[in-house]
Amino acid sequence: MEVALAVLVGAVALLTVITLARAVRIVPQQRQDVVERLGKYKRTLRPGLNLLVPFIDAVREKVDMREQVVTFKPQPVITSDNLVVQIDTVLYFKVVDAVRATYEIADFLRAIEQLTVTTLRNVIGSLDLERALTSREEINRHLSGVLDETTGRWGIKVTRVEIKAIEPPPSIRDSMEKQMRAERDRRAAILNAEGLKQAQILTAEGEKQAAVLRADGDRQARILQAEGQAKAIRTVFDAIHQANPSQKVLAYQYLQALPQIANGQASKVWIVPAELTKALEGMGGALGGLSQMVGDAPSAQASADASAVEREAAEAARVAAAAAQEINDEVRAAEVQTAPGGTVPQQLPAPEPVPPASLLGDARRSRANPRD
């Protein structure tokens, strides 16, 4: 009897514990429990302490309300240019309504996976391989719009869809690598050509500027040299005019220059003018008549200097006459050698050389008769 009573008390205590355990529910944060009463939806338990009717209320589904990430296995997709590519997708979603996620669809994860695959095939099927590889953002936006619109009635919000990888066939990958390598080589060749072109342009511009600068420097140097020569000539000319030299000095300078002209190394052929004797006679007359000019009366010292000048002029005239005679002989010899048959061509007779004594005599006669 006592044993039976003890068993009964134990059974009642155990039933009480089980009843309390089934009546009290503690729901963690970011989770909702869907409760059914006798097989019918009753309510949704919120995070915290909740009480249920034991043996009548039961928890149908524990729904995680946090955002979840699901990775689907690679799916074969055919592009518009009939190439099969493997596409991996990553899906971000969260449950916004636990009741609809429980009762509107049996397995929302599988449903989302199949919807993603079908939508992805529709999108990729309208694109070629190159555009599919470069239009990931467009594909992501299209998938997100379609999935969000469809899963909205399931109480699920698709926040983001990302294409993880697009794997073309190995042969296509090899072709793409060769194409990219050829494109990079072409770009490198273009860049090298552009660099060479720019270098040649810069070099040509530098040479042009250097030539212009050299020409300008040469022009400036010639201008300065010409200006210097002009200034020197002007200075000499002004000095001559200010000094007012007499005819005697000019004749003397001319006589001094004749031997230097005759001894020139670059002079090959001389043409002796017929007026040379007249020029010498005129200079002799100028030397004799200068002493009788107005304001040029010689003194005793001046007479001595004049005698020395006359002697020097006579010597210069003699040297000039000898040089002229020598040049005349050379000219005649050259004409004999160049004439056919060795005959001397008929030309005008050469002027007779003027001896220095005649010049001095003319000078004395000019001084004796200054008015003639």
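Based on the mean of other Cβ atoms within 10 Å per residue, sort peptides 96-105, 62-71 so the most packed one is first.
Answer by packing, highest mean first, reads 96-105, 62-71.
Report the per residue volume, in Å³, of the convex hull enclosing the C-alpha atoms of segment 126-219. Before the final figure, lay out the partial values.
Details: hull volume 15.6 nm³, N = 94.
Spread over its residues, the Cα hull of segment 126-219 gives 166 Å³ apiece.
Sorted by accessible area with a 1.4 angstrom probe, largest first, how do Leu20, Leu133 fall?
In descending accessible area the options line up as Leu20, Leu133.
How large is the accessible surface per residue of segment 1-49, computed with a 1.4 Å probe and reported in Å² as a whole number?
Accessible surface, normalised per residue, equals 76 Å².
I'd like the accessible area for Thr235, computed on protein heavy atoms only with a 1.4 Å probe and all protein chains in place. Round to 10 Å², please.
Answer for Thr235: close to 80 Å² accessible.
Quick one: if the Förster radius is 22 Å, what FRET efficiency do Arg43 and Leu20 give, using the C-beta to C-beta distance and rounding to 0.05?
0.65
Over the heavy atoms of Ser126, what accessible area does a 1.4 Å probe trace out, to the nearest 10 Å²?
My reading of the accessible area for Ser126 is about 80 Å².
Using 7 Å Cα-to-Cβ label points, what is the Thr134/Tyr103 separation (nm, one decimal)?
Going from the Thr134 label point to the Tyr103 one covers 5.1 nm.
Which net charge results when you count Lys and Arg as +1 and Asp and Glu as -1 among the other residues whose beta-carbon is under 13 Å from that of Ala58?
Neighbourhood net charge equals +4.
How do Ile112, Ile172, Ile56 rank by accessible surface area computed with a 1.4 Å probe, from largest to smallest? List each step's numbers first, then the result.
Numbers: Ile112 0, Ile172 40, Ile56 70 Å².
Ranking Ile112, Ile172, Ile56 by accessible area, largest first, yields Ile56, Ile172, Ile112.
The values are calculated or read from the model by the stated rules, or taken from the named source; none is laboratory data. Small disclaimer: the values here were computed from a predicted structure and weren't measured. Positions of Cβ are backbone-derived with ideal geometry, glycine not excepted, and every protein chain shown enters the neighbour counts. SASA here: full protein model, heavy atoms, side chains in, ligands and nucleic acids out. Shrake-Rupley method; radii C 1.70, N 1.55, O 1.52, S 1.80 Å.
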